[in-house]
1. Counting residues in the range 86-146 as N, plug N into 2.2 N^0.38 Å and put the Cα Rg over that result.
2. For the range 130-228, what proportion of DSSP beta bridges, expressed in % and rounded to the nearest 5, is antiparallel?
3. Determine, at each q value in 0.09, 0.16 (inverse angstroms), the log₁₀ of I(q)/I(0) that the Debye formula gives when each Cα of the range 154-306 is one equal point scatterer.
4. D for the range 236-293, whole µm²/s, Stokes-Einstein with Kirkwood Rh over alpha-carbon pairs at 25 °C and 0.890 mPa s: what number?
5. Across bins of 10 angstrom width beginning at 0, how are the C-alpha pair distances of the range 1-103 distributed, in whole percent?
6. What share of the DSSP beta bridges in the chain is antiparallel, in percent to the nearest 5?
7. Round to the nearest 10 and give me the degree value, 0 to 90, for the angle of helix 276-292's Cα axis relative to the longest principal axis of the chain.
8. Suppose we keep just the alpha-carbon trace of the range 112-241; what are its Rg and Dmax in angstrom?
Amino acid sequence: LTGGPPLNVLFAGRFDVAERQAWWNALRAAAPQCHWQRDDEPFDRSLIDAAVVANPAPGALAALPKLRLIQSLWAGVDKLLGDATVPAQVPLARMVDPAMNTAMAETALWAVLALHRRFFDYAAQQARAQWLPQAQRRVDKVSVLVLGAGQMGSAVAARLSAQGYGISTWRARDAVPLAPLLATAEIVINLLPLTPATGGLLGASFFAALPRGASVVNLARGAHVVDADLLAALDSGHLHRAVLDVFHTEPLPSAHAFWHHPQVTVLPHVAALTDERSAAQVVAANLSALARGDVISHAVDRARGY
Ligand code: GLV
């Protein structure tokens with residue numbers, strides 16, 4: 001380290017009590033050289049050099065005159081970029097956590113296996129005491145399209161490919177047209193960052209471009225999906241099933257049609273939780289870089305949106 005004065009670091013966000021304490025312990029253990037402050041206790045806003053945040057309340061990062069780094073504990077920074085009170089000139093780093101990429105690959109593998117081998121359908125059949133074996137298809141005959149080729153999209157594509165699935169990938173920033181890829185995809189997994197270019201992408205024309213009987217897995221952000229269009233595509237029988245981890249409003253409101261839809265599987269935004277042990281090391285490395293005046297890792301390109 002520099003031998004300069006210790007950084008004053010604010011830990012801010014919305015957690016349950018146990019989660020907050022686990023993060024607090026992990027972060028202080030990983031960067032003991034910093035002076036740590038927490039947003040649920042009084043602190044001096046004029047002293048804060050860096051903020052480590054998870055889903056902070058709007059306005060939480062305003063009026064911090066010395067702020068030089070915002071480190072997200074979340075991989076997706078769409079909410080931070082959408083909050084006009086987050087200072088636009090302060091470098092913002094997203095979380096890149098290898099343990100989170102692994103967890104995302106596990107969730108994708110579970111969803112794809114359950115779709116391919118009809119395990120969701122068998123669970124529904126059990127609820128009706130219905131014994132009805134279905135054809136067993138070879139893994140290499142199942143084509144999966146992964147949307148997004150970043151940290152998570154790449155980890156998911158590698159895991160599914162190792163499992164034997166036929167994988168194609170698409171990135172929003174490439175000029176490659178999406179429709180031909182959709183036309184041959186049996187399962188689509190969304191891992192795109194949410195940006196103005198990708199919001200609402202999974203809408204009526206997207207679903208119509210998929211072959212009849214295709215399924216959709218959304219592990220990215222709820223706002224990628226036009227809910228009414230997805231429900232229409234499921235209800236018409238065009239789509240077989242949707243596995244959804246993320247929603248426009250979270251928690252998913254109890255009256256939402258997804259909860260009880262027979263072709264929808266709902267997860268409570270758990271596809272890949274940030275792992276506090278590995279993520280705290282990532283945070284500590286960026287705080288050291290800030291203290292030394294070095295380049296911050298995983299800085300968000302605000303114009304690009306991730
Ligand atoms: C979770 O959705 C994250 O962005 O880390």
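The values are calculated or read from the model by the stated rules, or taken from the named source; none is laboratory data. Predicted model only: the values in this text are computed from it and were never measured. Here Cβ is always computed from backbone atoms with ideal geometry, including for glycine, and neighbour counts include all displayed protein chains. Protein only, heavy atoms only, side chains kept; ligands, DNA and RNA dropped before computing areas. Shrake-Rupley method; radii C 1.70, N 1.55, O 1.52, S 1.80 Å.
1. Expressed relative to 2.2 N^0.38 Å, the Cα Rg reads 1.83.
2. Antiparallel bridges make up about 0 percent of those DSSP assigns within the range 130-228.
3. Once normalised to I(0) and log-transformed, intensities are -0.36, -1.00.
4. Approximately 168 µm²/s, per Stokes-Einstein.
5. Taking all Cα pairs of the range 1-103, the binned fractions are 14, 49, 33, 4 percent.
6. The antiparallel proportion sits near 5 percent.
7. On a 0 to 90 degree scale, this one is about 40.
8. 15.0, 49
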